[in-house]
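Since the structure comes first, as structure tokens, the remarks are kept for the end.
Just so it is clear, none of the values below were taken in a lab; they were calculated from the coordinates. As the structure is a computational prediction, the values presented were derived from the model and not from experiment. Virtual Cβ from ideal backbone geometry, glycine too; neighbours counted across all protein chains shown.
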Amino acid sequence: MNPPKFDKVEDMADLTHLNEASVIHNLRLRYLSDMIYVRLFLVAVNPYRSLPIYTDEIIRSYKNKRRYEMPPHIYAISDIAYHDMLQGRENQSILITGESGAGKTENTKKVIQYIATIASDSTNTKKYGILEQQILQANPILEAFGNAQTIRNNNSSRFGKFIRIEFNSAGQISGANIERYLLEKSRVTYQTPEERNFHIFYQLLKGAPSAIKKKFLLDGSLDDYRFTKHSRKDIDGVDDIAEFEILLNAMNIVGISEDEQVEFFRIVASVLHLGNICVTSGRDDQAHILDTSVAEKVCHVLGVPIDAFIKGLIKPQVKAGREWVAQARTKEQVLYSIEALAKALYERSFGALVERINKAIDTPSNKAYFIGVLDIAGFEIFQTNGFEQLCINYTNEKLQQFFNQHMFILEQEQYKLENIEWDFIDFGLDLQPTIDLIEKTKPVGILACLDEECVMPKATDKTFVEKLHSIWKNKSPKYGVPRFQQGFILNHYAAKVEYTTSGWLNKNKDPLNENVTKLLAHSSQPYIASLFSDFLGDTTDYGTKNRVKRGVFRTVGRRHKEQLHSLMQQLYSTQPHFVRCIVPNAKKMAGKINTPLVLDQLRCNGVLEGIRICRVGFPNRLGFVEFRQRYEILAPRILPEGYVNGREAAHKLLEAFKLEGNQYRIGLSKVFFRAGVLAELEEVRDNKLSLVFTGFQAHCRGKLSRKDYRKLSEKTRAALVIQRNIRAINKLKQNPWWKLYYQIRPMLPSRKDEQIRLLKERIKELEEKLQREIQERRKLESANTQLEVEKITFEELLHNERSLSLEKDELIQKIKFTEEPENIDEYNSTKPSSKDQLLDLEQTNHEMSQLKTTLEETESQKMLLEKLKKNLEDRLGEIHEQYHDASQNKHVAEKNLSALDREVFDLKQLVEEHQDTANGLSEKLRKVEASLLDSQNELTKEKEENQELIKSKVKYNC
Ligand SMILES: Nc1ncnc2c1ncn2[C@@H]1O[C@H](COP(=O)(O)OP(=O)(O)OP(=O)(O)O)[C@@H](O)[C@H]1O
């Protein structure tokens, strides 16, 4: 038993005593405390109730965290895968396996949710981009068409899927692709009374709008259709009508148009109608369809002609040699082909739906890496195991082989590559013999043998088993022959499984009525025709030429083998991460753990074996650089300064940690640790870090406290000084000399009086200066007005002179005119010839000579005046300048004056204050003098009294 310290350990490889009991004890303790995830590789136990461990906050807390930094969680695995992809530039895969109801689909959704959150375009303000939303919304669509309620799980995925999320080189999601495996199509036609058909049948019949129902002639309820009426109709806590709304919304987000949506519903409706075709048997054992009303509905919905359809069902054309002949069918045969047709329709439509989703999310953008999430059913071991179980168990055998390869063989190869001491251990876990037994072609394996029998004309299930026994009995330790049933035993990794082989040939051939499928390939409904396009051509009935090459005949087993091969190829090209889901109990109850059931699963899915083997090897490793960065803190100053090579550094550090040599190995580029050692180192590191941080905090707190203390002590010192001074003042106040000094101090000459005297003198000086300035200004102003008057007079004079000079010019012109000879001639020619006229002329000449002299005088006067004018103008300019200077002086003087005014005002106030103090003091002095006088009088009086007393004493003595 492990000590209580190991209770609820996160990593089961840490348990000192590792056995089934201790593992289950730990798992149980954790589960009951709602810790549903455990390591080594992730084990997830279905809580069967919603836990608050998938919030956005939790997502954030797991982002960019190391393996041991956070408790185990599906988000931790997703984060590791994402970072390994970015850092190692390698594709990743997360393999989620477990029994039905173990929580595979829920955990797959969580992986996608986590990746969509952390890897969406960071520039996008919304939580998810369109592509991320489409990827997330693909799930409700797949669940509606591919999930059903079963005894073990109310929302059981009846198909396997591998979802590849593609990323660009920056790590942002750039697309996605879904690959689906093995749809359980038998559920379309048959369900046990405790189970249901696929969800869509119930959602459509309960929730579809009447227009759709009318279009597809769906006028009945769930009880009216053969393929739903025997099943359960409801699931506790699930509202099919609301789920239908969710489906429509998801289809809209993914971009499936309403027309396309209707086509998917057409298939569901046609399957429902097909189930209701009533086939009867006649006397000749031949099948008849007497009531064709339902078949008419089927043909209307599928877009095929009714007559050909019915004929194809009850009397199909078959090839007999080179001839085509009509062959009558029995009721059972017809019912079988109707059901096969219903299953084929549904399966093909489901495939088309997945393709349609892929078309939306598989964008042709830059794809650098991918993370693939595989959600596939685990080993199935029932009371009766058929062909479906073989396919599922074969898949799981291969996945377990991949797990073993990765965990044990590739792991040991890596030790060899890293050159560490290691003796290769054969864990005896090679599952290849079982896989070969199923898939090999030489010698013929189970699937190849089945395929061979399918083409043999007279082969039956019995001949198939006999052939198998003949090849494998006693030839392989993995093969056995059952005692009672017709079948074989296979020794799988999980357990020995007995298979019964009834109906295997048919299941593998999955035959369809070709008459009907050809009809469907020519349907008037394009969607139906596209689903069966591989049946086009090679027909005689419709006269069409062989246009499309018919698909090569591939059995179900062969198809599955090919798909699985391609899946394994992809997985081997990735770095895998394993998640094992566990069902805690068979009752779908929260908080209950059924120990044998859980142990069985742990054994089946290799958890126990994996942990055991991991403890033998070195499951944890770190590169030298990362190791040094992370753990150097545990041995500081061990490494010398400067360059130390990574290997040497790791060596020195590990020696300093005093780890036992067996606990680790130093490779060429990494250090390898045994399980649990790294977790211990992490713990020591955490303690060390918390010590460092506590020390740092203490240092900071100490510094702050010391600072506060210094401040406080300074304050205290200051308070003491103040107190001392106050005490001294108080003491001084009691001193009579001080009191006296205090009284007479105002009377003592002080520096202030001298200052007041000086200021008064200054005021006086300034006042005188101000007066002088004012007078000067007045003088200048009167001179200015005088000059202005003079200027006006001179301007008038000048004006007169100008008009005089104009008149003079006119006169000169006239004179010039008379002096010129031609003018005289002209004048003579026009002159009057009388004597008066001559006199006039003489008169005029005289006047002219007078005028000439006047003109000359005027001329000299004009010159004189102009000179005078110039002098006056000069003088005026000077006066202007003087005036300007005077104005400036006046402005400055005014400024000084106002400053002086202010100063005078202040001084006056000061003087008044001093006067008041002086008055107060004089008053006090007067009082003191009066009291002094009184005291003197009293003193004289006392003296007199004393003298009188002395006298009377002398007298008395005498
Ligand atoms: N982590 C979880 N938290 C809450 N409920 C869970 C969780 N995992 C599973 N469940 C519950 O268990 C039910 C079954 O889970 P889920 O459908 O994922 O199982 P499965 O392994 O995919 O089964 P199947 O193989 O049948 O599809 C879910 O419908 C859900 O109610």
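Data overview
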| read-out | value |
| --- | --- |
| Folded to 0 to 90 degrees: helix 240-254 orientation relative to the chain principal axis, Cα | 60 |
| Fewest-first sequence of L689, L274 by Cβ atoms within 10 Å of each Cβ | L689, L274 |
| Cross-link pairs K769/K890; K110/K229; K442/K475; K319/K343 - those with Cα-Cα distance over 23 Å | K110/K229; K319/K343 |
| Rel. contact order, % - alpha carbon contacts under 8 angstrom, at least six apart, the stretch 391-511 | 20 |
| FRET efficiency estimate (nearest 0.05) - Cβ-Cβ, E847 to R802, R0 22 angstrom | 0.40 |
| Relative contact order of the stretch 621-684, pairs being alpha-carbon contacts under 8 Å that are 6 or more residues apart, as % | 40 |
| The chain, relative contact order [Cα under 8 Å, separation at least 6], % | 12 |
| Rough spin-label spacing in nm, given labels placed 7 Å along Cα→Cβ, for K867 and I638 | 12.1 |
| Loop-located GluC sites (Glu not before Pro) in the stretch 394-444 whose Cβ has at most 14 other Cβ within 10 Å (DSSP) | E421 |
| Set of lysines near K715 by C-alpha distance (under 19 Å), chain-local residues within fewer than 8 positions excluded | K703, K707 |
| Approximate spin-label separation N662-A326, in nm, with each point projected 7 Å along Cα-to-Cβ | 8.5 |
| Förster radius 30 Å - calculated FRET efficiency between K319 and S257 (Cβ-Cβ, nearest 0.05) | 0.15 |
| Unit charges at the beta carbon, dipole of the chain: most positive-side option, S573, L519, L136 | S573 |
| Theoretical gain in end-to-end length, Q629 to K367 [0.36 nm per residue, Cα-Cα removed] | 91.0 nm |
| Extended-chain gain in nm, criterion 0.36 nm per residue less alpha-carbon gap, N730 and K924 | 67.5 nm |
| Order by protection proxy (mean Cβ within 10 Å, highest first), peptides 793-804, 644-655, 367-378, 87-98 | 367-378, 87-98, 644-655, 793-804 |
| Where a label projected 7 Å from the Cα of D430 along Cα→Cβ would reach, residues of the stretch 458-497 with amide N under 13 Å | none |
| Considering only the chain, percent of DSSP beta bridges that pair antiparallel, nearest 5 | 65 |
| For the stretch 314-361 versus the stretch 395-464, the gap between their alpha-carbon centres in whole angstrom | 34 |
| Value of Rg/Rh across the stretch 751-957 [Cα atoms, Kirkwood radius] | 1.69 |
| Förster-model FRET efficiency, 35 Å R0, L811 and H880, C-beta, rounded to 0.05 | 0.35 |
| Mean residue ellipticity (222 nm) of the chain, computed from DSSP H runs ≥ 4 via -39,500 (n - 2.57), nearest 500 | -20000 deg cm²/dmol |
| Given charges at Cβ of Lys, Arg, Asp, Glu: the chain dipole, positive-most of L313, V465, Q405 | V465 |
| Extension gain (nm, one decimal) between T785 and H300, 0.36 nm per residue minus Cα-Cα | 162.2 nm |
| Cleavage-rule hits (trypsin sites (Lys or Arg not before Pro)) in the stretch 132-204: DSSP loop, at most 16 neighbouring Cβ within 10 angstrom | R152 |
| Cβ-based exposure ranking for T858, T917, T395, in which fewest neighbours within 10 Å come first | T917, T858, T395 |
| Shape call, the chain: gyration tensor on alpha carbons, a/c limit 1.5 | oblate |
